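**Q** Okay, here's the structure, questions in a sec.
Nothing in this text is a laboratory measurement; each read-out follows from the coordinates by a stated rule. Please read these numbers as outputs of a predicted model, since none were measured by experiment. Quick reminder, even Gly has a Cβ in these numbers, built from the backbone with ideal geometry, and neighbours come from all protein chains shown.
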Amino acid sequence: MGDGDRWFADVDTSTPNIARMHDYFLGGKDNFAVDREAAEAVLAIAPEVRLMAQEGLAFHERVVRYLVEQGITQFINLGSGLPTERNTHELARSLVPEARTAYVENDPVVLTHGRAILGRAPGVAIVKGDVLHPAALLADPGLREVIDLDRPVAVMLYAVLQYIPDSADPFARVAELRDALPAGSHIVLTHVVLDSRPDAEKPLVALYRNVLGQTEGRARTRDQVLPFFDGLDLVEPGLVYVREWRPDKPFLVERPEKLWMMVGVGRTAP
């Protein structure tokens, strides 16, 4: 049995997992019946979630291209999820061969799978950590092997902050991370908001709280997400729905609020 076949040997397959549910939304095969059941429960409430996952990947491609155009060749991807066919290091290296990427996760499922699939990729590190402990994360020896913190870096927070309740003060932790980054660095985030789907808020929040084993948490609005960019120069077009961020085909941007994921890029002072 190869490395890619035994990643799940010690994984709990009786409890749904956010990363595996996302894999299912994208049509992947690295998920189990319990994940598919939970994912289908989400889709029963909001069938557009599947398209939102696909649009998130399309945004990822656009933003990596933008960052490379700004001279960024180092990427820290927090909460990256299970490896796909369009991983950060692959996208970046297709544009600049010397690009380096550190994937950061605290989910044992993703860590095990990522190390099995990507562990030998050049210029790639897969380390344990999270946004709530930025100092420990940036000091991690594995991360520092591939990331030079004397040079600008892009930090990607894809669908991470939306699962962290206000009681954990994610705003302060993002600010701490921001202040520790070199000048000219960027922070990229995606965050689901339910401004346009208030009817879905209670059932979705309850479902995800159950999956995550949380006793608190609520959906944020766009205005409540915007403070994550405090102290950063918010790159045009700002904090917008995913299809509105520098689309390759602007004429396809129709009723962007139907896909209620906000995205934005902030730049630290040069």
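**Q** Any chance you could list the semi-axes, whole Å, largest first, of the equivalent ellipsoid that the Cα gyration tensor gives for the chain, using √(5λ)?
**A** 26, 24, 18
**Q** Run the quick spin-label model on ASP166 and ARG209: label points 7 Å from Cα toward the beta carbon, then report their separation in nm to one decimal.
**A** 1.4
**Q** Lys/Arg Cβ at +1, Asp/Glu Cβ at -1, dipole of the chain taken about the Cα centre: which of ALA39, ILE147, PRO250 is farthest positive-ward?
**A** Result: PRO250.
**Q** Using a simple charge model, +1 on the beta-carbon of Lys and Arg, -1 on the beta-carbon of Asp and Glu, nothing else, what dipole does segment 96-167 show about its Cα centre, in debye to the nearest 20?
**A** Once rounded to the nearest 20, the dipole reads 240 debye.
**Q** Of TYR208, LEU239, THR13, which is farthest towards the positive pole of the chain's charge dipole, taken about the Cα centre with +1 and -1 on the beta-carbons of Lys, Arg and Asp, Glu respectively?
**A** Result: LEU239, furthest along the dipole toward the positive end.
**Q** Sticking with this one: With an 8 Å cut-off on Cα pairs and a minimum separation of 6 or more residues, tell me the relative contact order of the chain in percent.
**A** About 18 percent, as a whole number.
**Q** Write down the percent of antiparallel bridges among all DSSP beta bridges whose residues are both part of the chain, to the nearest 5.
**A** 35
**Q** Next question. Sketch the reach of a paramagnetic label on LEU149 as a point 7 Å from Cα along Cα-to-Cβ, and name the residues of segment 61-75 whose backbone nitrogen lies under 17 Å away.
**A** The answer is 74-75, whose backbone nitrogens lie closer than 17 Å to the label point.
**Q** Would you give the gap between the C-alpha center of segment 158-182 and the C-alpha center of segment 30-45, rounded to a whole Å?
**A** Value for the Cα centre distance between the two parts: 28 Å.
**Q** Placing +1 on the Cβ of each Lys and Arg and -1 on the Cβ of each Asp and Glu in segment 3-267, which of PRO165, TYR24, TYR66 has its Cα farthest towards the positive end of the resulting dipole?
**A** TYR66
**Q** Please give the calculated 222 nm ellipticity per residue for the chain, where each DSSP H segment of at least 4 residues contributes -39500 (n - 2.57) and the sum is spread over every residue; nearest 500 deg cm²/dmol?
**A** -11500 deg cm²/dmol
**Q** Ok, one more. Hey, got the dipole for the chain? About the Cα centre, +1 on K and R Cβ, -1 on D and E Cβ, debye to the nearest 20?
**A** 340
**Q** Taking a ≥ b ≥ c as the square roots of the eigenvalues of the Cα gyration tensor of segment 45-146, is the shape rounded (a/c under 1.5), prolate (a/b larger than b/c) or oblate?
**A** oblate
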